Amino acid sequence: MSSSPKTIAEKILSLHSGKDAKAGDIVIADLDFLIGQDGTSGVAIDSFNKLGVNKVFDPHKIAITIDHSSPSPNLGVSAIHQKIRDFAAAQGIKLYDIGCGVCHQITPEQGHAVPGDLIIGADSHTCTCGAINVFSTGIGSTDLAAGWASGKLWFKVPETFKVTYKGKLPKGVFSKDLILRLIGDITADGATYMALEIGGQAILDLSVDARFTIANMAIECGAKVGIMPADKKVMDWVEKHSKRSPKPVEADPGAIYAKTLEIDVAKLEPQIAKPHQVDNVCPISQIGDVAIQQGFIGTCTNGRLEDFQIAAKILKGKKVKDGCRLIIAPASKEIMLDMIKDGTFQTLVDAGAVPVTPGCGPCVGTHNGVPSDGENVISTANRNFKGRMGNPNAFIYLASPATVAASVIEGKIADPRDSR
Amino acid sequence: MTGKAWKFGDNIDTDLIIPARYLNTHHPEELAKHAMEDADPTWAGKVKKGDFIAAGENFGCGSSREHAPIALKAAGISVVIAKSFARIFYRNAINIGLPILESAEAADDIKEGDKIKINLTDGIIDNVTSGQSFSAQPFPIFMQKIIKAGGLINYLKTSHGPILIFSASNLRLGS
């Protein structure tokens, strides 16, 4: 392979295609793992059956998760779930059924992803695994079906947009605020077709849990992936979760970047994405008076142990304000068990939080907390599109778990830096 | 192909194209009934077979749901013209055989209700109403083949038989 300097994305696609892959090239690459979920796998199964292939290329490299509408809220979804269960059983594919959690938490947590991997998933937030140095990208159902059959997929090698976060994160400001600020700055299509390579001291200072939040939202500025370096924290995390051997990849000195951006976090405030676009971001000092009827902490963005611990610290001994609701959905069963073990679950429920099944919860708008007309919701999710939570006449604000916790105590959007 | 244009703005996301509350089925005709519902609740009842969409930047951003291009195709949309497309929607549209064309100039010129004529082979968009003509960004050769086959599944089946093989020689990259 040529020794020309490469970005992380170019390197991973080169290693998986056997080509000297540079931005703009189209390569066919070998896949390490393929993710499906209940919203997209039904269509993928239809596409797979149309191909006339009997068996998937390798059942051990495939998993399907029933997380989006879980447990099933209606007959139509029940039929799709049954179709998925039958397919997984017939193919010998690992099925994570209701209550296991969100695919983007399960994939790294259950050891399916290690640094240097190339992963596809029929879910746009598949970019989450970028936090552990994986080229992990969302595709549609038909691409997934082609991947199931062949173990390969074509990729256009993306140009890379390098984002460096520097400085020390102020108290009350979290990884969610870092990614919301970036999306606000570069807009919803600021990195379309590109790989984000995200690093800098402020990233290295974050836990791996907190880094998943940032990688998860790479798609919200159009990026194909949001890849981070495999430092010691990542390597230790992966060793704890996976038996597979990591192949960490770093960018070469002299690699070519289409764009670069440096963000100083030292003076950053908590950030809010206002309805109905994720890039409609403002610092909390500019939000004004916004009454809140429903809070939600969870999802593949912010449904991890650390997120609930941060919220519990703020809600301990307090109550969710009358007239306001707080729904919580751990991103996985493992996380829920950890929350029960360390008392986080009790603290949150005591404060008035309503737990729902580990999974996507109300984020996707199929069940578990559809807001009513005119209501304002503050959520730790990654999208606030019109109708996202199931009602086009509701208004969704996105924020960190700390901001959501502070807000449900007040019944209006509140600054977590003012909390105790 | 000739039809009427429906105009949409920037960042038309997949939740607008097909809300998740209707993903309890993947029958194209059922999905089509709710296409664009949260952008315009009456749209699915007005759109005619062969009509076009002309939209702004980042069309199809958001979810990976293939139901989005499936719903538009089943609603009768023959081509989506936009200034730019979100990456996953772009792949999904080609994979399921919904033609898409990227042309900022055409997207700017086309007004709601304009009569549009499109030649997909050469990517020429004629706005019959305004009298303007535009050429869209050409697709790479192998993508044109997928489009011509009517989608990825047909392409893989007809090109390579029952054993699915992605290979460089099959795709004839860059030729």
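The values are calculated or read from the model by the stated rules, or taken from the named source; none is laboratory data. Every value quoted in this text rests on a predicted model; they were computed, and no experiment measured them. FYI the Cβ positions are ideal-geometry reconstructions off the backbone, even for glycines, and counts take in every protein chain you see.
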request  = Take the range A:44-84 and flag every residue that is among the aliphatic types (A, V, I, L, M), away from every other protein chain (no Cβ under 13 Å) and either part of a loop (DSSP other than H, G, I, E, B) or farther than 17 Å from A:TYR96 by Cβ (or both).
outcome  = A:ILE66
key: Every residue from the range B:57-67 that is within 10 Å of another protein chain (Cβ to nearest Cβ) and part of a loop (DSSP other than H, G, I, E, B)   = B:GLU57, B:ASN58, B:GLY62, B:SER63, B:SER64, B:ARG65, B:GLU66
remark   = Counting only residues that are more than 19 Å from A:ASP123 (Cα to Cα) and among the polar types (S, T, N, Q), the range A:67-95 contains a total of 4
ask   = Mind checking which residues of the range B:127-154 are farther than 20 Å from B:ILE110 by Cβ, aliphatic (A, V, I, L, M) and within 16 Å of the chain's Cα centre (by Cα)?
value = B:MET143, B:ILE146, B:ILE147, B:ALA149, B:LEU152
ask   = Among the numbered criteria (1) under 16 Å from the mean Cα position of the chain (by Cα); (2) within 14 Å of another protein chain (Cβ to nearest Cβ); (3) of a type outside the set (Ser, Thr, Tyr); (4) over 25 Å from B:ILE12 (Cα atoms), which single criterion is violated by A:VAL208?
value = (2)
inquiry  = Quick check on the range B:41-61. Is at least one of its residues buried (at least 22 other Cβ atoms within 10 Å of the Cβ) and touching a His at 6+ places or on another chain (Cβ under 9 Å)?
reply    = no
inquiry  = With the structure loaded, tell me whether B:PHE166 is over 21 Å from B:LYS73 (Cα atoms), modelled with pLDDT under 90 and touching a strand residue (DSSP E or B) at 6+ places or on another chain (Cβ under 6 Å) or whether it fails that test.
reply    = yes
key: For A:GLY295: the one exception among (1) among the small types (Gly, Ala, Ser); (2) crowded, with 16+ Cβ neighbours inside 10 Å; (3) farther than 29 Å from A:TYR397 by Cα   = (3)
ask   = Out of curiosity, is A:ALA191 of a type outside the set (Asp, Glu), without any contact (Cβ under 8 Å) to a residue 12 or more places away in the chain and within 13 Å of chain B (Cβ to nearest Cβ)?
value = no
ask   = Going by the conditions given, is B:GLN137 at pLDDT below 90, under 14 Å from B:ILE81 (Cβ atoms) and within 14 Å of another protein chain (Cβ to nearest Cβ)?
value = yes
ask   = For A:LEU261, are the conditions met, namely being more than 14 Å from every other protein chain (Cβ to nearest Cβ), in a strand (DSSP E or B), of a type in the set (A, V, I, L, M) and crowded, with 24+ Cβ neighbours inside 10 Å?
value = no
ask   = Is it the case that the range B:93-104 has a residue that's among the hydrophobic types (A, V, I, L, M, F, W, C), within 14 Å of chain A (Cβ to nearest Cβ) and surrounded by fewer than 19 Cβ atoms within 10 Å (Cβ to Cβ)?
value = yes
message = So, A:ILE203, is that one of a type outside the set (D, E, K, R) and closer than 16 Å to A:ILE272 by Cα or not?
response = no
key: Which listed residue, of A:VAL281, A:VAL249, A:VAL238, is in contact with a strand residue (DSSP E or B) (Cβ under 6 Å, 6 or more places away or on another chain) and buried (at least 18 other Cβ atoms within 10 Å of the Cβ)   = A:VAL281
query = In the range A:25-39, what residues are outside any strand (DSSP E or B) and within 10 Å of another protein chain (Cβ to nearest Cβ)?
reply = A:ASP25, A:ASP38, A:GLY39
task = For the range B:110-125, state whether one or more residues are at pLDDT 95 or above, in contact with a helix residue (DSSP H, G or I) (Cβ under 8 Å, 6 or more places away or on another chain), surrounded by 12 or more Cβ atoms within 10 Å (Cβ to Cβ) and of a type outside the set (A, V, I, L, M, F, W, C).
result = no
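Any idea which residue in the range B:1-14 is farthest from the other protein chains (Cβ to nearest Cβ), counting only those that are closer than 27 Å to A:GLN277 by Cα and crowded, with 17+ Cβ neighbours inside 10 Å?
It comes out as B:ALA5.
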key: Single residue of the range A:42-83 satisfying the filter (out of contact with any Gly (no Cβ under 6 Å at 6 or more places or on another chain) and β-branched (Val, Ile, Thr)) that is farthest from A:ALA145 (Cα to Cα)   = A:VAL77
ask   = When only residues in the range B:15-30 that are buried (at least 23 other Cβ atoms within 10 Å of the Cβ) and within 24 Å of B:ILE116 (Cβ to Cβ) count, which is nearest to the other protein chains (Cβ to nearest Cβ)?
value = B:LEU16
